[in-house]
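I have placed the structure first, in the form of structure tokens, so that the comments after it can refer back to it.
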Amino acid sequence: MVVNGSFVSPTADAKVAHRIAQLDANGIISTLLHGVNGWTIALTCFLMLVAYDQFKYIYNKGSIVGPAWKAPFTGPFLDSVNPQFTKYYAKWISAPLSCVSVFHKFVVIASTRDMARKVFNSPGFVKPCVVDAAFKLLRPNNWVFLDGKAHVDYRKGLNGLFTRQALEQYLPGQEEVYNAYFKKFLRISQEENKGKAVPFMPEFRELMCAVSCRTFVGHYISDHAIKKISDDFYLVTAALELVNFPIILPYSKSWYGKKAADMILEEFAKCAAKSKVRMAAGGEKDCILDFWVSSMIESEKYRNKIASGVKVDDSEKPSMLIRDFTDFEISMTLLTFLFASQDATSSAATWLFQIMADRPEFLDRVREENLAIRNGDRHAPVTLDQLEKLPWTRAIVKEVLRYRPPVIMVPYIAKKDFPITDTYTAPKGSMVIPTTYLALHDSEAYPNPETYDPERWITGDADKQVKNWLVFGTGPHYCLGQTYAQLNLMLMMGKASMLLDWKHQITDKSEEIKVFATIFPMDDCLLTFSERPS
């Protein structure tokens, strides 16, 4: 019958099912596995990782400006090996928020004043991270990596190192260094190079390192050690560039930088031990280290009196009670001071000497007021009050920091998802980098921003543009040493104007910007110095 024509018995059904199973096991699976070996598995895994890397970048990028796709894993790493200011600038002006992805780091760049300030003032979402290698070079328990209350408490203990009283005490040591190095500049120009202009950027780096070391650790450190630190700190700077290979490999930049940092930490720890002995014996304070150690000693004496039940008048209580710090903890902090000051002041010094040579009308005004404040004696030491009464010296320093800001980017890391705008959230773990350059070249705040014009700080309203003045950051992690840095540069240029004459050999690279942690003239500033007649 037709009705039963398609009927198959249960036994027949079982046989069909068995054959299908055999076909699946011996046919399809064997076909799929035919030719599979270690290479094909590895290739498949690699392609899956590439796809995941690409997908993750596109997902993180969301709606903000950035490359449509990234080179697998590395991203624009090769471009970052030789960073170019023009490419950075193009990225900044592309949008208030933009992004790249390098190795395992997704990077969000906040370019405008308001976007940068949003990052600086969001400690609940971000914290400073510098770069991956920084944790190894500066040590992971360094104070700069502390967050929240721990960071605030640590900073309070350091505030006393930059008071007016402290800054006044540092001036003689700084003048001593400038006197010595200005003589060296004359020797380089007149004796070694017979008046020929040579690159002075490396000399300015050494000068500013020496000034920093004398200010931080006084004469606890030898001239030989300062020279060694000056020479080797270049390696630390290279290791802490924004983009480097993410792990420390032998003979890499990070490897050499780690060795240099270890050497500096050891030297500063020795200085800390010497200061503790001298301050305990009642020695006079003349450097940052002495002020810090003295504060520890005063705090410990106060606590001991309280603990012993002695009644202590409130007037005897130190303005800031701090704990005792080990020699190595002190050393780590001083290394961060050096890192913060060395490259930034070297950059500013280089541009200052170049700009003053090219614009002698400004240098003449600086020279005139520095001689006047010293009653015509160019060798007379200067006080803090006198420094603060030098409007043109202040103006040329403020303007160089605006015109050529040493720190153009400040890396932070997102502690959790960070809603920077209503439409974009930076993912947790991403690097978030506020930039300062556009805020400092905003034509609404600073008319003709691409022109070096110190007059804007004399008769203009540049001092009122506090929201745009991001040279030293803002928020809870602003630079502790901003007053010290500006006074130091004022002292340097004031003394140089009275003691030296110098000429700048202008090249087609003089105004181009080279990025090496901070920014320098591309030709490294070709100068020649001569002694200024009395």
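Some points to look at:
- Residues of the range 399-439 that turn out to be acidic (Asp, Glu) and either more than 26 Å from THR86 (Cα to Cα) or in contact with a strand residue (DSSP E or B) (Cβ under 6 Å, 6 or more places away or on another chain) (or both), as a count: 2
- Residue pairs whose Cβ atoms lie under 8 Å apart, sitting 6 or more positions apart in sequence or on different chains, and linking a residue in the range 43-59 that is open to solvent by less than 100 Å² (accessible area, probe 1.4 Å) to a partner that is of a type in the set (Ser, Thr, Tyr) and not in a helix (DSSP H, G or I), are TYR57/SER101.
- Restricting attention to the range 128-146, the residues being open to solvent by 40 Å² or more (accessible area, probe 1.4 Å) and under 16 Å from LEU480 (Cα atoms) number 1.
- Some residue of the range 221-228 being buried (at least 21 other Cβ atoms within 10 Å of the Cβ), of a type in the set (D, E, K, R) and either touching a Cys at 6+ places or on another chain (Cβ under 8 Å) or within 22 Å of ALA340 (Cα to Cα) (or both): no
- Qualifying residues in the range 481-510 (those that are open to solvent by 30 Å² or more (accessible area, probe 1.4 Å) and at pLDDT below 95) - the one nearest to the chain's Cα centre (by Cα): GLN482
- Total residues in the range 500-534, condition of a type in the set (A, V, I, L, M, F, W, C), under 20 Å from TYR403 (Cβ atoms) and in a strand (DSSP E or B): 8
- Of all residues in the range 309-338, those satisfying the criterion of being at pLDDT 85 or above and either in contact with a Ser or Thr (Cβ under 8 Å, 6 or more places away or on another chain) or outside any helix (DSSP H, G or I) (or both) are ILE322, ARG323, ASP324, PHE325, THR326, PHE337, LEU338.
- Boolean, GLU267 is crowded, with 16+ Cβ neighbours inside 10 Å and not aromatic (Phe, Trp, Tyr): yes
- From the list ILE458, ILE513, ILE519, the one residue that fits, being among the aliphatic types (A, V, I, L, M), in contact (Cβ under 8 Å) with a residue 12 or more places away in the chain and open to solvent by 40 Å² or more (accessible area, probe 1.4 Å), is ILE458.
- Subset of the range 310-335 [under 30 Å from GLU241 (Cα atoms), open to solvent by 10 Å² or more (accessible area, probe 1.4 Å) and among the hydroxyl-bearing types (Ser, Thr, Tyr)]: THR326
- The lone criterion from (1) farther than 27 Å from LEU146 by Cβ; (2) of a type in the set (Lys, Arg); (3) touching a residue at least 12 places away in the same chain (Cβ under 8 Å) left unmet by LYS428 is number (1).
- Looking only at the range 294-308, residues that are free of Cβ contacts under 8 Å to residues at least 24 places away in the same chain and not in a loop (DSSP other than H, G, I, E, B) come to 10 in all.
The values are calculated or read from the model by the stated rules, or taken from the named source; none is laboratory data. All values reported here derive from a predicted model rather than from experimental measurement. As a convention, Cβ positions derive from the backbone with ideal geometry for all residues, glycine included, and neighbour counts pool all protein chains shown. Side chains included, ligands, DNA and RNA excluded: accessible areas come from the protein's heavy atoms. Shrake-Rupley method; radii C 1.70, N 1.55, O 1.52, S 1.80 Å.
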